[in-house]
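As structure tokens, the structure follows; a few thoughts come after it.
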Amino acid sequence: MSKVIAQLCISLDGCYAGPRDDEPNWFKSVEAPGFFRITRWVTESMAWRDRQQLAGGEANVNDEVIAESFARPGAYVMGRRMFDGGERPWGEEPPFRNPVFVVTHREREPLERLGGTSFTFVTDGLESAIAQAKAAAGEKDVAIAGGGTMIKHALELGLLDVNIGAREGIELVPERMIHTPEVTHIRYRVEGRAPLVLDSRGGKYEGLATT
């Protein structure tokens, strides 16, 4: 059955992206050096470079993970800012090779690109974009490509197969963990929501005032 999935690459101190920058050419912005440093394990893989029509690359465990991440989706969803930053660098043959649904407030005619990639601009919200992506993906998964705010919004709305409730936390159950010298890959299964409650250690803090 088709799933809505997302993939994030973060630094050890928990950063997913750098300072917000509206530079039209994102790959020359202040965020770019940090992004490429964190994702070096991606950009040096053979599977990623092949998608970008670049020569070379390493065939290793990281490469296998990247190849798997390309194979799973039948459609993508992304935010307008991510699209704006990538439209020119991706060129006439973007790496997605599947329909992409861009969540935006600005109307635009669909774009057809080489290699099977198309961009449809959805102005009636993330839920609508995911519904359209599911229809396009068939039995394959829908990948929320980013950015981080879009993925966070999907979690808050319960669109990653979770039900949202007040004072609850998302239960992420590790399904697979792969260690390499460059990165640790962890795949989580989203179980749903569970109440946030103190365990037995919380008793000693009862009655303490906060300042």
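Among the residues of region 138-160, is there at least one that is assigned to a strand (DSSP E or B) and at pLDDT below 85? Working first, answer last.
From region 138-160, those assigned to a strand (DSSP E or B) are 141-146; that's our starting set.
Adding the requirement that they be at pLDDT below 85 leaves 146.
Yes, some residue in region 138-160 is assigned to a strand (DSSP E or B) and at pLDDT below 85.
Considering only residues that are of a type in the set (D, E, K, R) and surrounded by fewer than 16 Cβ atoms within 10 Å (Cβ to Cβ), look in region 85-96 and name the one that is nearest to Ala47 (Cα to Cα).
Out of the qualifying residues, it is Glu93.
State whether the residues of region 64-75 include one that is of a type outside the set (Gly, Ala, Ser), crowded, with 19+ Cβ neighbours inside 10 Å and within 16 Å of Glu44 (Cβ to Cβ).
Of the residues in region 64-75, the ones of a type outside the set (Gly, Ala, Ser) are 64-66, 68, 70, 72-73.
Imposing the further condition that a residue be crowded, with 19+ Cβ neighbours inside 10 Å reduces the set to 65-66, 73.
Subset that is within 16 Å of Glu44 (Cβ to Cβ): 65-66.
Yes - at least one qualifying residue is present in region 64-75.
For residues that are in a strand (DSSP E or B) and in contact (Cβ under 8 Å) with a residue 40 or more places away in the chain, scanning just region 87-108, find the one that is farthest from Thr123 (Cα to Cα). Show your work before the answer.
Initial filter on region 87-108 (in a strand (DSSP E or B)): 99-103.
Still in the running and in contact (Cβ under 8 Å) with a residue 40 or more places away in the chain: 100, 103.
Numbers: Val100: 14, Val103: 6 Å.
Checked region 87-108; the qualifying residue farthest from Thr123 (Cα to Cα) is Val100.
Looking at region 119-134, can you tell me whether even one residue there is under 27 Å from Met46 (Cα atoms) and part of a helix (DSSP H, G or I)? Steps first, please.
Initial filter on region 119-134 (under 27 Å from Met46 (Cα atoms)): 119.
Then keep just the ones that are part of a helix (DSSP H, G or I); that gives none.
There is no residue in region 119-134 that is under 27 Å from Met46 (Cα atoms) and part of a helix (DSSP H, G or I).
Does Thr117 count as more than 22 Å from Lys3 (Cα to Cα), in contact with a strand residue (DSSP E or B) (Cβ under 7 Å, 6 or more places away or on another chain), of a type outside the set (Lys, Arg) and touching a residue at least 24 places away in the same chain (Cβ under 8 Å)?
no
Go through region 75-85 and report how many residues are touching a helix residue (DSSP H, G or I) at 6+ places or on another chain (Cβ under 7 Å) and assigned to a helix (DSSP H, G or I).
1
Tell me the helices (runs of 4 or more DSSP H) entirely within region 31-74 that contain at least 1 residues that are closer than 26 Å to Lys134 by Cα, within 17 Å of the chain's Cα centre (by Cα) and modelled with pLDDT of 90 or more.
46-51, 61-71
The values are calculated or read from the model by the stated rules, or taken from the named source; none is laboratory data. The structure presented is a predicted model; accordingly, all values stated were derived computationally and were not measured. Quick reminder, even Gly has a Cβ in these numbers, built from the backbone with ideal geometry, and neighbours come from all protein chains shown.
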